[in-house]
Structure formats: structure tokens, C-alpha cells
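The values are calculated or read from the model by the stated rules, or taken from the named source; none is laboratory data. Everything quoted here is computed from the prediction, not taken from an experiment. Counting neighbours? That spans all protein chains shown, and the Cβs are built from the backbone with ideal geometry, glycine included. Just so you know, the surface numbers come from the protein's heavy atoms only, side chains and all, with ligands and any DNA or RNA stripped out. Shrake-Rupley method; radii C 1.70, N 1.55, O 1.52, S 1.80 Å.
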Amino acid sequence: MAEFPNPDSKNAIAESCTRCSALVESRECISWGVGPNNADLVVVGEAPGAGTPDAEQWQGGNWTGMAYTTRHSGRKIRDMMAEIGYSGVYYTNAVKCFPSDGAGSNREPTSEERTNCRSHLVREIKQIRPQCVITTGKHATQALLAVEEKTIDGFLDTILEPITCPKLAVPVLPILHPSYQAVWLFRLGFTRESYLDAIRDAIEAAESS
């Protein structure tokens, strides 16, 4: 089981951001990135989920203040990265606060919310200077490609295809969001094992490009 530091020890969590009024109202805390500051890989998610405050370990970023710490998506993506041989990974989100649908569940972050949070994300990536940035899902990918003034028509067409991003000075590699793997792996012609192999090969290709 993964062990996460006490969020009270992370000074960044105490910082206040009020750029998005709806997110200020819905969040419990800001979910900043977590991981080594010299990581070779940065994994970017969409936004923190509602989380489970009474969970023993995997409470989620809305409660821990740290990205990808939910039982479902967080544990799944961390297990995947470990399986393909990457343990020292930095995890963060395109949007740092939980976007509520008004009934306690997630909604998609708006374009404005992604824009408001983009400077936080870009600053993280430039400070860490990874060899590759992995974006999980459409919204995380759109958030980073906007830095390059690029758009995507069909997200599935970008899966496992490294994208050159000169302004970020690092290649971006889109993969499926862990919540949607079960739906799309078979449709895309992958088994779980072949998908992990493909991610590993794509990371190596991106890092050497």
C-alpha cells in the first residue's frame, strides 16, 4: 500500500487560490502535485475526485491535498506506473480543485477552470523538468496542448502518440484515464498486458526523441 506524507507538512496546501469561485466553494482543499522534485515522469490527471474522507488510506486529493490519491484512479495509475518500472513519479492534476456537479460527484472541469489553473501546472512541469509528461484522459491532454496552442479533434487518436511541445520543453504522451481503461482497452485492441507494454515503449520513445 502506498504511503503518503501528512498533508499538514506540505506548505503548499495551505496556500489559497480563488481564481475559480465554483471550485473554491466545492473543494475541501487544493490538491497539489506529489512526488520527487526531480522525477523523470510527470503524470497529469484531470482534477481531484470527491474522495472518501473516512477511508483509511486512499482518501483522494480533495481530502489529502495530493493528486491521484483515490482508491480507484489513484491506486490504479500508481500500480500501472510501478508495473512498467517507474516508481519515482510525480503526480499532479490539470485542475487542482474538486469540480462538483452539485450533488457530491465530479463534473468535467470547464475550459475556463483549466485556463485558470494552467499556470500552476506549467510551473510544476518546468520546475521538475521531467523527460516525459503523461496525460491521462482528454481534459488533461487538452490542458497541456493549449500551452502550445494545439487542439485535438479525437482524443483516442492521440493515445500513445508522443506530442512534441517546444514551449514546455518536454514531450507529452496521452494515455487513457484509469477510470476508462476497462471500457476502451478491448475496443482499441489491447489486453492489459499489451497496453502496459505499449506505454513503456512509448515512454522510451518519447524520452529518446
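Going by the conditions given, is residue 187 open to solvent by 50 Å² or more (accessible area, probe 1.4 Å), under 17 Å from the mean Cα position of the chain (by Cα) and free of Cβ contacts under 8 Å to residues at least 12 places away in the same chain? If you could, list the steps in order and put the result at the bottom.
Working: open to solvent by 50 Å² or more (accessible area, probe 1.4 Å): yes; under 17 Å from the mean Cα position of the chain (by Cα): no; free of Cβ contacts under 8 Å to residues at least 12 places away in the same chain: yes.
No, not satisfied.
Can you report the number of residues in region 45-69 which are open to solvent by less than 30 Å² (accessible area, probe 1.4 Å), among the β-branched types (Val, Ile, Thr) and touching a Lys or Arg at 6+ places or on another chain (Cβ under 9 Å)?
So the answer is 1.
State the number of residues belonging to region 108-137 that are under 23 Å from residue 39 (Cα atoms) and either polar (S, T, N, Q) or out of contact with any Asp or Glu (no Cβ under 7 Å at 6 or more places or on another chain) (or both). Full working, then the answer.
Our first condition is that a residue be under 23 Å from residue 39 (Cα atoms); within region 108-137, this holds for 117-137.
Now drop any that are not either polar (S, T, N, Q) or out of contact with any Asp or Glu (no Cβ under 7 Å at 6 or more places or on another chain) (or both), which leaves 117-129, 131, 133-136.
Final tally of qualifying residues: 18.
Output the residues belonging to region 139-160 that are in contact (Cβ under 8 Å) with a residue 24 or more places away in the chain, in contact with a strand residue (DSSP E or B) (Cβ under 8 Å, 6 or more places away or on another chain) and closer than 17 Å to residue 181 by Cα. Full working, then the answer.
Keep residues of region 139-160 that are in contact (Cβ under 8 Å) with a residue 24 or more places away in the chain, which gives 139-147, 156, 159-160.
Pick out the ones that are also in contact with a strand residue (DSSP E or B) (Cβ under 8 Å, 6 or more places away or on another chain) and you get 140-141, 143-145, 159-160.
140, 141, 159, 160 - these are the residues of region 139-160 that are in contact (Cβ under 8 Å) with a residue 24 or more places away in the chain, in contact with a strand residue (DSSP E or B) (Cβ under 8 Å, 6 or more places away or on another chain) and closer than 17 Å to residue 181 by Cα.
Filter region 14-44 down to residues that are at pLDDT 95 or above and outside any loop (DSSP other than H, G, I, E, B) and give me whichever is surrounded by the most Cβ atoms within 10 Å (Cβ to Cβ).
Within region 14-44, the match that is surrounded by the most Cβ atoms within 10 Å (Cβ to Cβ) is 43.
Taking region 151-183, which residues are open to solvent by 80 Å² or more (accessible area, probe 1.4 Å), over 20 Å from residue 42 (Cβ atoms) and not acidic (Asp, Glu)? Don't jump to the end; show me each part of the working.
Filtering region 151-183 for residues open to solvent by 80 Å² or more (accessible area, probe 1.4 Å) gives 151, 153, 157, 161, 164, 166-167, 169, 180, 182.
Still in the list and also over 20 Å from residue 42 (Cβ atoms): 151, 153, 157, 180, 182.
Listed by number, the residues that qualify are 151, 180, 182.
Can you pull out the residues in region 161-193 that are of a type in the set (D, E, K, R) and in contact with a strand residue (DSSP E or B) (Cβ under 9 Å, 6 or more places away or on another chain)? Show your work before the answer.
Initially, region 161-193 is screened for residues of a type in the set (D, E, K, R), giving 161, 167, 187, 192-193.
Result: 161, single match.
Considering only region 109-138, state which residues are touching a residue at least 60 places away in the same chain (Cβ under 8 Å), more than 22 Å from residue 22 (Cβ to Cβ) and in a helix (DSSP H, G or I).
124, 125, 127, 128
Could you please tell me which pairs satisfy a Cβ distance under 8 Å, a separation of 6+ or placement on different chains, a first residue in region 191-206 that is without any contact (Cβ under 8 Å) to a residue 12 or more places away in the chain, and a second residue that is surrounded by 13 or more Cβ atoms within 10 Å (Cβ to Cβ) and assigned to a helix (DSSP H, G or I)?
Pairs found: 192/181.
Go through (1) out of contact with any strand residue (DSSP E or B) (no Cβ under 6 Å at 6 or more places or on another chain); (2) over 26 Å from residue 26 (Cα atoms); (3) surrounded by 14 or more Cβ atoms within 10 Å (Cβ to Cβ) one by one and return the number of the condition residue 121 breaks.
With respect to (1) out of contact with any strand residue (DSSP E or B) (no Cβ under 6 Å at 6 or more places or on another chain); (2) over 26 Å from residue 26 (Cα atoms); (3) surrounded by 14 or more Cβ atoms within 10 Å (Cβ to Cβ), residue 121 is out only on (2).
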